[in-house]
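Worksheet: the structure to be examined is printed underneath.
The values are calculated or read from the model by the stated rules, or taken from the named source; none is laboratory data. Predicted model only: the values in this text are computed from it and were never measured. Every residue, glycine as well, gets a Cβ built from its backbone with ideal geometry; the counts of neighbours run over all protein chains shown.
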Amino acid sequence: MFFFSILFLIVFVLIGVAFFTLFERKVLSYIQFRKGPNSVGLMGLFQPFSDALKLFSKEFYFLVFGNYFIYYFVPMLGLVTSLLFWLIYPFFFNVISFNLGLLFFLCCSGCGVYFIMIAGWCSNSSYSLLGSMRSIAQSISYEVCFFLIVLCLVIYVESFNLIDFYHFQFYLWFFFICFPLFFVFFSCCLAETNRSPFDFSEGESELVSGFNVEYSSYMFSLFFLAEYSSMMFMSFFLVFLFWGGDLINFFFFFSVLFFVFLFIWVRGTFPRYRYDKLMYLSWKCYLPLVLNYLFYFIFMSIVFYYIFFSFKL
């Protein structure tokens, strides 16, 4: 049952990624006062399948110099890692409860940067290597704040299971308890998925598409699928941690769709950060705020424990 549930989930995640690309192109086109894809099928509904056929049938580019084995397998491993995030999706109806789900997510998220790094290195191109180095610095910087925010909530809930987060927020969402942390977490999600205004690993204007410049055909589409799958998961994760996480309610899925739209809206609105400003924002603005919240949650947990045991005695 677990196998079929996960297979069912991954198939629909991949279909969602296909229509995510159509949704993004439509939203960006209306932001820029044009129509977007509207020729293939009714209102362009078959455009994602047309793009997939085009990408997977294109001629593959073979490197003259480079590490062939790593070059071919890194995109596949990157896609598998991004799909592994969805294993922590809580199922209520077939008695599957991933007790250490958040810990598993943090481990997989920490591995994500290695695939970008190795993809930039094994291509044997200075542009892709530069893009991967910038991505490493950015991901490490924002992963610190990202993981600390998750740790704050784990200390408060005292569990790594997402279902416990749902039960804990039944009456009051974390969005109201940790209002500033929510916005810091959202910007860290943008940085973790290499989206604008933090898309330094794919800075088209100066890096010629960054770490994936030597990839083409289905290898490029695997990177593409991994990035959009991660964005969908981050939207789900954000709603689950801060907006209640009521999977039975339709409001939950509309909230996830709203954050997917927000990812696209930010891309169509904000320019790319300057690189020193990016590092300044992470280490001198976000990190002190998150550390203060972490100490506050630790202090409150100790106080609650003291009050509880004093009443018990």
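Could you please let me know if LYS26 is free of Cβ contacts under 8 Å to residues at least 24 places away in the same chain, out of contact with any Lys or Arg (no Cβ under 7 Å at 6 or more places or on another chain) and under 17 Å from PHE261 (Cα atoms)?
So LYS26 fits the description; yes.
Which of the residues spanning the range 97-125 are in a loop (DSSP other than H, G, I, E, B) and either among the aromatic types (Phe, Trp, Tyr) or farther than 30 Å from PHE165 by Cα (or both)?
PHE98, SER123, ASN124, SER125
Provide a single number: the residues in the range 237-270 that are assigned to a helix (DSSP H, G or I) and within 19 Å of the chain's Cα centre (by Cα).
23
Suppose the filter is in a helix (DSSP H, G or I), crowded, with 19+ Cβ neighbours inside 10 Å, among the small types (Gly, Ala, Ser) and modelled with pLDDT of 85 or more; does SER141 pass it?
Answer is yes for this residue.
Among the residues of the range 231-270, write down those that are surrounded by fewer than 17 Cβ atoms within 10 Å (Cβ to Cβ), farther than 17 Å from ASP164 by Cβ and among the β-branched types (Val, Ile, Thr).
Matches in the range 231-270: VAL266, THR269.
Residue under question is TYR273, and the condition is that it be more than 16 Å from the chain's Cα centre (by Cα), crowded, with 22+ Cβ neighbours inside 10 Å and not aliphatic (A, V, I, L, M); does it hold?
Criteria not met by TYR273.
Please find, within the range 171-186, the residue that is nearest to VAL113 (Cα to Cα) out of those that are outside any helix (DSSP H, G or I) and either free of Cβ contacts under 8 Å to residues at least 60 places away in the same chain or small (Gly, Ala, Ser) (or both).
Step one: of the range 171-186, the residues outside any helix (DSSP H, G or I) are 171-173, 178.
Imposing the further condition that a residue be either free of Cβ contacts under 8 Å to residues at least 60 places away in the same chain or small (Gly, Ala, Ser) (or both) reduces the set to 171-172.
On the way: TYR171: 37, LEU172: 34 Å.
Taking the candidates together, the pick is LEU172.
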